[in-house]
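First up is the structure itself, then whatever we jot down about it.
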Amino acid sequence: MKVAIVHEWLVDYSGSERVLEQLLQIFPEASLFAVIDFLPDHLRQHIFHKPITTTFIQKLPYAQKHYRHYLCLMPLAIEQLDVSGYDVVISSSHAVAKGVLTSPGQLHICYCHSPARYAWDLYHQYLQEAGLTTGLKGLLAKLILHRFRNWDVMTVNRVDYFVANSAYIAKRIQKNYGRDSTVIYPPVDVESFSLPTQREDFYFTASRMVSYKRIDLIVEAFTQMPDKQLFVIGEGPEYDKIKALAGPNVTLLGYQPFAVLKEYMQKAKAFVFAAEEDFGITPVEAQACGTPVIALGKGGALETVTPETGLFFPHQTTESLMEAIARFESSEVTYQQETIRASAQRFHKERFRQEIRQFVLEKYDELQQSN
């Protein structure tokens with residue numbers, strides 16, 4: 001069984017790359033394809049230093065830093081990848097990877113992290129935040145995203161089976177593509193985290209500082225609660241804006257190595273999470289440390305946080321979060337760190353490998369029998 005894995009772009013090591021790493025462990029002989037590959041040398045061990053076949057976008061001017069500006073060319077680029085010599089094609093897709101061309105005799109399984117949110121349900125928010133609601137640039141952006149949506153829907157039938165990374169994403173796949181999907185949660189490196197020997201009196205959050213993560217909301221809420229201490233790890237384009245919002249009880253630590261992140265996660269009285277995420281790995285990592293989670297009650301967090309492991313706040317507002325903090329501190333619930341960690345084990349990376357391997361082999365056997 002010859003396997004090709006098609007990834008979107010390789011520029012860093014985040015959620016989708018963690019999935020890719022496990023796919024390459026399941027299928028170590030697989031060939032790897034991507035729109036672009038600018039992965040730093042110190043991260044290449046995660047893809048086992050595999051050679052990567054890329055598209056023409058790799059050689060375009062400024063592609064390394066501004067590859068997203070070539071979105072209008074990515075549908076064409078992904079269709080130029082020749083995977084005709086493979087029995088099974090697995091696309092790891094949140095934008096264009098699922099559009100790779102395959103034949104009726106090939107099995108194409110798409111592990112869908114999400115339909116492209118900037119083209120679908122976050123379309124208007126994306127245009128507003130990018131300042132593209134009016135003017136010539138705005139008109140061009142709207143035209144590009146309109147054409148992208150048409151292509152995105154047209155390529156749905158190129159996929160034999162969709163796998164969603166959460167029930168939340170399964171609903172979005174059904175809404176946008178009209179297709180059913182099988183939910184297989186992404187892998188979390190639970191074993192890299194452990195229970196603490198002691199806890200301290202502070203709250204903690206960690207994230208890349210981009211708008212939809214809503215770190216600004218968390219910082220604003222804690223600034224209005226000066227008797228409570230918050231530590232924040234992460235960097236990104238919104239760092240300066242968030243720093244300006246932070247009161248003296250809020251400490252922004254910027255980027256920190258894993259050992260520091262782990263220490264704060266272990267010692268915190270709770271982990272705070274305000275994003276409407278497709279799945280959300282960091283709340284699961286916090287639970288692997290036995291740390292309860294205070295999360296927005298939307299998106300993937302509804303599938304990872306339980307009444308025994310944390311609580312929800314209903315709205316993305318400072319008032320809603322502050323009320324949740326008050327409930328957490330006055331709650332009669334005693335959170336047991338062993339119970340919280342046991343809940344995180346549901347998302348262990350070995351479970352992911354077993355479920356994906358079984359799914360691919362079953363569907364491949366069905367294809368072989370039908371032929």
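The values are calculated or read from the model by the stated rules, or taken from the named source; none is laboratory data. Remember, it's a predicted structure, so these values are computed and weren't measured experimentally. All Cβ positions, glycine included, derive from the backbone under ideal geometry; neighbour counts span all protein chains shown.
Yes or no, residue by residue, for (1) assigned to a helix (DSSP H, G or I); (2) closer than 16 Å to Glu8 by Cβ; (3) not hydroxyl-bearing (Ser, Thr, Tyr):
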{"site": "Ile57", "(1), (2), (3)": "yes, yes, yes"}
{"site": "Lys65", "(1), (2), (3)": "yes, no, yes"}
{"site": "Ile78", "(1), (2), (3)": "yes, yes, yes"}
{"site": "Cys110", "(1), (2), (3)": "no, yes, yes"}
{"site": "Pro115", "(1), (2), (3)": "no, yes, yes"}
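Name the pairs whose Cβ atoms lie under 7 Å apart, with the first residue in the range 316-338 and polar (S, T, N, Q), the second in a loop (DSSP other than H, G, I, E, B), and 6 or more positions between them or separate chains?
Sorted first by the residue in the range 316-338, then by its partner, the pairs are Gln316/Arg214; Gln316/Ala274; Thr318/Gln224; Ser320/Pro314; Gln337/Leu195; Gln337/Gly290.
If I ask for residues that are among the basic types (Lys, Arg) and farther than 17 Å from Phe273 by Cβ, which ones from the range 193-230 would you list?
The one that is among the basic types (Lys, Arg) and farther than 17 Å from Phe273 by Cβ: Arg199.
Restricting to the range 75-98, give me the number of residues that are over 20 Å from the mean Cα position of the chain (by Cα) and touching a residue at least 12 places away in the same chain (Cβ under 8 Å).
Taking the range 75-98 as the starting set, the residues that turn out to be over 20 Å from the mean Cα position of the chain (by Cα) are 75-89.
Filter once more, so that each one left must be touching a residue at least 12 places away in the same chain (Cβ under 8 Å): 75, 77-81, 83-89.
The total comes to 13.
Select from the range 117-128 the residues that are part of a loop (DSSP other than H, G, I, E, B) and in contact with a Leu (Cβ under 8 Å, 6 or more places away or on another chain) and list them in ascending order. Steps first, please.
Just the residues of the range 117-128 that are part of a loop (DSSP other than H, G, I, E, B), to begin with: 117-122.
Listed by number, the residues that qualify are Tyr118, Ala119.
Going through Gln287, Gln337, Gln256 one at a time, which residue ends up being touching a strand residue (DSSP E or B) at 6+ places or on another chain (Cβ under 9 Å) and surrounded by fewer than 18 Cβ atoms within 10 Å (Cβ to Cβ)? Give the derivation first.
Working: Gln287 fails: surrounded by fewer than 18 Cβ atoms within 10 Å (Cβ to Cβ); Gln337 fails: touching a strand residue (DSSP E or B) at 6+ places or on another chain (Cβ under 9 Å).
Only one candidate passes the filter, namely Gln256.
Quick check on this structure: which one of Gly105, Gly131, Gly138 is under 23 Å from Ser211 (Cα atoms), modelled with pLDDT under 95 and not in a helix (DSSP H, G or I)? Spell out the reasoning first.
Numbers: Gly105 fails: under 23 Å from Ser211 (Cα atoms); Gly138 fails: not in a helix (DSSP H, G or I).
The unique qualifying residue is Gly131.
Hey, among Tyr212, Tyr161, which residue is within 24 Å of Val89 (Cβ to Cβ) and in contact (Cβ under 8 Å) with a residue 40 or more places away in the chain? Working first, answer last.
Values: Tyr212 fails: within 24 Å of Val89 (Cβ to Cβ).
Selected residue: Tyr161, the only one of Tyr212, Tyr161 that is within 24 Å of Val89 (Cβ to Cβ) and in contact (Cβ under 8 Å) with a residue 40 or more places away in the chain.
Restricting to the range 235-253, and then to whatever is in contact with a helix residue (DSSP H, G or I) (Cβ under 7 Å, 6 or more places away or on another chain) and of a type outside the set (Asp, Glu), can you tell me which residue is nearest to Glu276 (Cα to Cα)? Write out each step before concluding.
Kept after step one, since they are in contact with a helix residue (DSSP H, G or I) (Cβ under 7 Å, 6 or more places away or on another chain), are these residues of the range 235-253: 238, 241-242, 245-247, 249-250, 252.
Now restrict to residues that are of a type outside the set (Asp, Glu): 241-242, 245-247, 249-250, 252.
Details: Lys241: 20, Ile242: 19, Leu245: 21, Ala246: 22, Gly247: 25, Asn249: 25, Val250: 23, Leu252: 22 Å.
Taking the candidates together, the pick is Ile242.
For Leu32, state whether it is assigned by TED's automatic domain parsing to the domain that holds Arg149, under 30 Å from Glu366 (Cβ atoms) and part of a strand (DSSP E or B). Quick ask: steps written out before the conclusion?
Details: assigned by TED's automatic domain parsing to the domain that holds Arg149: yes; under 30 Å from Glu366 (Cβ atoms): yes; part of a strand (DSSP E or B): yes.
So Leu32 passes the test.
Return the residues of the range 175-206 that are assigned to a loop (DSSP other than H, G, I, E, B) and either at positive phi or surrounded by fewer than 16 Cβ atoms within 10 Å (Cβ to Cβ) (or both); say none if nothing qualifies.
So the first thing to find is which residues in the range 175-206 are assigned to a loop (DSSP other than H, G, I, E, B), and the list is 178-180, 184-187, 189, 193-202.
Selection gives Gly178, Asp180, Ser194, Leu195, Thr197, Gln198, Arg199, Glu200, Asp201.
Is it the case that some residue within the range 137-155 is within 19 Å of the chain's Cα centre (by Cα), in the same structural domain as Trp9 (by TED's automatic domain parsing) and either of a type outside the set (Lys, Arg) or surrounded by 17 or more Cβ atoms within 10 Å (Cβ to Cβ) (or both)? If you could, list the steps in order and put the result at the bottom.
Applying the first criterion (within 19 Å of the chain's Cα centre (by Cα)) to the range 137-155 yields none.
Looking for residues that are within 19 Å of the chain's Cα centre (by Cα), in the same structural domain as Trp9 (by TED's automatic domain parsing) and either of a type outside the set (Lys, Arg) or surrounded by 17 or more Cβ atoms within 10 Å (Cβ to Cβ) (or both), one finds none in the range 137-155, hence no.
Being β-branched (Val, Ile, Thr), surrounded by fewer than 18 Cβ atoms within 10 Å (Cβ to Cβ) and in contact with a strand residue (DSSP E or B) (Cβ under 6 Å, 6 or more places away or on another chain), is that true of even one residue in the range 243-253? I'd like the intermediate steps shown before the answer.
The initial filter retains those residues of the range 243-253 that are β-branched (Val, Ile, Thr), namely 250-251.
Checking the rest, the ones that are also surrounded by fewer than 18 Cβ atoms within 10 Å (Cβ to Cβ) come to 251.
Retained after the next criterion (residues that are in contact with a strand residue (DSSP E or B) (Cβ under 6 Å, 6 or more places away or on another chain)): 251.
So far as the range 243-253 goes, yes, one or more of its residues are β-branched (Val, Ile, Thr), surrounded by fewer than 18 Cβ atoms within 10 Å (Cβ to Cβ) and in contact with a strand residue (DSSP E or B) (Cβ under 6 Å, 6 or more places away or on another chain).
Looking at Glu220, Glu263 in this structure, which one is assigned by TED's automatic domain parsing to the domain that holds Ala301 and either touching a helix residue (DSSP H, G or I) at 6+ places or on another chain (Cβ under 7 Å) or of a type in the set (S, T, N, Q) (or both)? Quick ask: steps written out before the conclusion?
Values: Glu263 fails: either touching a helix residue (DSSP H, G or I) at 6+ places or on another chain (Cβ under 7 Å) or of a type in the set (S, T, N, Q) (or both).
Step by step, each of Glu220, Glu263 is checked, and only Glu220 is assigned by TED's automatic domain parsing to the domain that holds Ala301 and either touching a helix residue (DSSP H, G or I) at 6+ places or on another chain (Cβ under 7 Å) or of a type in the set (S, T, N, Q) (or both).
Just to be sure I understand the filter: pairs with C-beta atoms under 7 Å, separated by 6 or more residues or on different chains, first member in the range 168-188 and of a type in the set (A, V, I, L, M), second member in a loop (DSSP other than H, G, I, E, B) and buried (at least 19 other Cβ atoms within 10 Å of the Cβ). Which pairs pass?
Pairs found: Ile169/Ser114; Ile169/Asp278; Ile173/Pro115; Val183/Ser166.
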